[in-house]
1. For the stretch 84-112, what are the residues that are out of contact with any helix residue (DSSP H, G or I) (no Cβ under 7 Å at 6 or more places or on another chain) and loosely packed, with under 13 Cβ neighbours inside 10 Å?
2. Do we have residue 40 as farther than 19 Å from residue 117 by Cβ and in contact with a strand residue (DSSP E or B) (Cβ under 7 Å, 6 or more places away or on another chain) here?
3. What about residue 135, is it open to solvent by less than 50 Å² (accessible area, probe 1.4 Å), closer than 21 Å to residue 37 by Cα and modelled with pLDDT of 75 or more?
4. Just to check your reading of the model, which residue among 48, 25 is surrounded by fewer than 19 Cβ atoms within 10 Å (Cβ to Cβ) and modelled with pLDDT of 95 or more?
Amino acid sequence: MDETIVVVGGALLSDGRLLAARRSAPPELAGRWELPGGKVEAGEAPEAALVRELREELGVVTEAVERVPGEWPLRAPYVLRVWTARLLPGSDDPEPLEDHDELRWLTPDEIWDVDWLDQDVPAVRATLPHWATGTGTGTATEAETASASASADGHRGERRR
């Protein structure tokens, strides 16, 4: 029996916006958008893995703020878990250093303007309430979050992680 491998995703929130990262590799994922992150290494805490992955992929100094409820299956044996995160004072601006070729800060009204990977759609949807509460330095209003949630209900598209 295979053991589950956790992949952490970062809902990096700043000024009421969520950072989306467009994949550049592997070829079957290229051009689709995700919450940045990666695999938790053996013996590594998920929050530490998220901070490490965001540093490697985006060149930023962050802290994990809060686990987003839920867990989303990827291809076996991987499972996606998401944390909100924030940039720490003095951090550089995010840049697509590894596995990505473009980044976009999205407001709640823009959240479905990008072509999210399948497994990231429910994870992004689960992140929306954190904007209303300000978790992770997000500052979206409840009306903006409701608008984004309504848009998510109509969101379709099959994408793979």
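1. Across the stretch 84-112, the qualifying residues are 88, 89, 90, 92, 93, 101.
2. When the stated conditions are applied, residue 40 does not pass them.
3. no
4. Unique residue meeting the criteria: 48.
The values are calculated or read from the model by the stated rules, or taken from the named source; none is laboratory data. Quantities reported herein were computed from a predicted structural model and do not represent experimental measurements. Cβ atoms come from the backbone with ideal geometry, glycine included; neighbour counts cover every protein chain shown. Side chains included, ligands, DNA and RNA excluded: accessible areas come from the protein's heavy atoms. Shrake-Rupley method; radii C 1.70, N 1.55, O 1.52, S 1.80 Å.
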